[in-house]
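**Student:** Sending over a structure as structure tokens; questions will come in a sec.
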Amino acid sequence: MFQKRRILKMVLGITLAYSTSMMVMSCSNTKPSVPLTPQEANLKATLFMEANTAWHAAEKVNANVLAPSNFSKGVQYYKQAQSDFKNEVKLDEIQKNLGNAAAYFNRAIRASKLAQVTFPNTIKARNDAKFTESSKYTPKLWAEAEAKFNEATGILEVGKVDDARKAGRAAENLYRKAELDAIKVYYLTETRDLLKRADELNVIEHAPKTLALARQLFKQADKELNANRYDIDFARSLVLQSRHEAQHAIYLASTIKSLKAKDHTWEDLFLASEVPLQRIAEQTGAVASFDAGYAPPTNDIITYINMYQDSVTGLSQDIAWYKVEALLQQRRTAELVGSLDNQARIKSDLADKIARRARTQAQFTKVEQSFRKTEARVLREGDDIIIRLVGLDFPSGAATIE
């Protein structure tokens, strides 16, 4: 436990140092003519912390696409705060602009969540079109779809849901057409060229089954694309599988031809195939044994991965906890810095929140230490402590835990 906490504290320290430096960098688009002093850099990092956090959260939900109006207003206020800080405007004015920036970013987050519910099919169509690189292979259609979707999200931001859905459906159709054309222009053409190359390399002599599968998938994909123009998920999957199998066949033919030319044996082939599993097993601290085939070392590796999943989950929860803790401390620091400029500022409840979290952490540690790992798992969700009991039995006909 001590080792775990020590490592977490180190991670936290590194995270705080890294995040502070990154936020200081992100607070300015242009390099100032006069470098900030350490005190100025720290002040800027703490002042911009909440707005930075809101901006990053908005980007995470793709708010620049799903809520462009609110997001762009947030960016405008943020940049104004940057300019004010550079020009040494009063602290109250900077905080006002940062507050407005954070408010608009948070509105953008809420609007983005509404857009995700309102435009699920359009968003999926857009993601599919991006996956097929429609912007590269069918740029005109992609631009039309983006413009229509931007119109739809803008309409939704002002509350006109029905009109927004109508525009969203139009954007969805454009994205699907862009995706379809991109698949035909690039993926089908590329796969067709791969199959032609396979013929030139006489792949059929060494990998006939894999090549036959690639051809079968290609024909099926071409048929699906023409038969189901507005539902091409299956066709896209077939095209990608066909391309993979064509490349696979070419690789297999080359490898088999090389093995034959060098008079390699079946034993050589099997020994070479064991190397990847050996390398993976070495990373787990084990030695792969193939005296019973591939299954035992494969199962050992899977068991190792599963064994450490709980540890990773626990560490992730702790890191998330410390990140919130760091944010509260930094916001508290910003509050104290601001109070130097305005002594009449009313003390917020941040200090109480920090104290409550400290008490909750102490309670969590106490509860966690009350159980062995074989008895229970103690987890956190926010300020709640969850105890999941394991390995407890009730005798038949009794209500007493053994």
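The values are calculated or read from the model by the stated rules, or taken from the named source; none is laboratory data. Predicted model, so just to flag it, every value in this text is computed and none were measured. When we count neighbours, we look across all protein chains shown, and the Cβ atoms used for this are built from the backbone with ideal geometry, even at glycine.
Residue by residue, here is whether (1) under 27 Å from the mean Cα position of the chain (by Cα); (2) at pLDDT below 70 holds:
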residue	(1), (2)
Pro296	no, no
Asn299	no, no
Thr313	yes, no
Gln317	yes, no
Asp341	no, yes
Arg359	no, no
Val378	yes, no
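**Student:** Also, quick follow-up: Please give the number of the condition Asp268 fails out of (1) exposed (fewer than 12 other Cβ atoms within 10 Å of the Cβ); (2) in a helix (DSSP H, G or I); (3) acidic (Asp, Glu).
**Tutor:** Among (1) exposed (fewer than 12 other Cβ atoms within 10 Å of the Cβ); (2) in a helix (DSSP H, G or I); (3) acidic (Asp, Glu), the lone unmet condition for Asp268 is (1).
Here is a yes/no grid of residues against (1) modelled with pLDDT of 90 or more; (2) assigned by TED's automatic domain parsing to the domain that holds Ser311; (3) under 22 Å from Arg332 (Cα atoms):
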position	(1), (2), (3)
Thr30	no, no, no
Ala57	yes, no, yes
Val61	yes, no, no
Lys79	yes, no, no
Phe85	no, no, yes
Asn106	yes, no, yes
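**Student:** Residues Glu190, Glu200, Glu205, Glu151: which one is acidic (Asp, Glu) and over 28 Å from Lys257 (Cβ atoms)? Walk me through it before giving the result.
**Tutor:** Details: Glu190 fails: over 28 Å from Lys257 (Cβ atoms); Glu200 fails: over 28 Å from Lys257 (Cβ atoms); Glu205 fails: over 28 Å from Lys257 (Cβ atoms).
Answer to the check: Glu151.
**Student:** Go through the residues of segment 363-376 one by one and say whether even a single one is of a type in the set (Phe, Trp, Tyr), modelled with pLDDT of 80 or more and surrounded by 12 or more Cβ atoms within 10 Å (Cβ to Cβ).
**Tutor:** Quick first cut of segment 363-376, residues of a type in the set (Phe, Trp, Tyr) only: 364, 371.
Narrowing further to those that are modelled with pLDDT of 80 or more: none.
Looking for residues that are of a type in the set (Phe, Trp, Tyr), modelled with pLDDT of 80 or more and surrounded by 12 or more Cβ atoms within 10 Å (Cβ to Cβ), one finds none in segment 363-376, hence no.
**Student:** In addition: Here are the criteria: (1) in a helix (DSSP H, G or I); (2) more than 30 Å from Leu201 (Cα to Cα). Tell me which single one Glu274 does not satisfy.
**Tutor:** (2)
**Student:** Inside segment 74-192, counting only helices (runs of 4 or more DSSP H) that do not spill past its ends, which hold 1 or more residues that are of a type outside the set (A, V, I, L, M), in contact with a Pro (Cβ under 7 Å, 6 or more places away or on another chain) and surrounded by 18 or more Cβ atoms within 10 Å (Cβ to Cβ)? Write out each step before concluding.
**Tutor:** Numbers: elements: 91-118, 120-131, 134-137, 139-157, 161-182.
By residue number, 139-157.
**Student:** With the requirement that a residue be under 19 Å from Leu252 (Cβ atoms) and of a type in the set (Ser, Thr, Tyr), what does segment 263-299 give you?
**Tutor:** Matches in segment 263-299: Thr265, Ser273, Tyr294.
**Student:** State which residue is farthest from the chain's Cα centre (by Cα) when the search covers only segment 206-230 and only residues that are of a type in the set (Gly, Ala, Ser) and assigned to a helix (DSSP H, G or I).
**Tutor:** Of all residues in segment 206-230, those of a type in the set (Gly, Ala, Ser) come to 207, 212, 214, 221, 227.
Applying the additional criterion that residues be assigned to a helix (DSSP H, G or I) yields 212, 214, 221, 227.
Values: Ala212: 37, Ala214: 32, Ala221: 30, Ala227: 34 Å.
Looking at residues that are of a type in the set (Gly, Ala, Ser) and assigned to a helix (DSSP H, G or I), I get Ala212.
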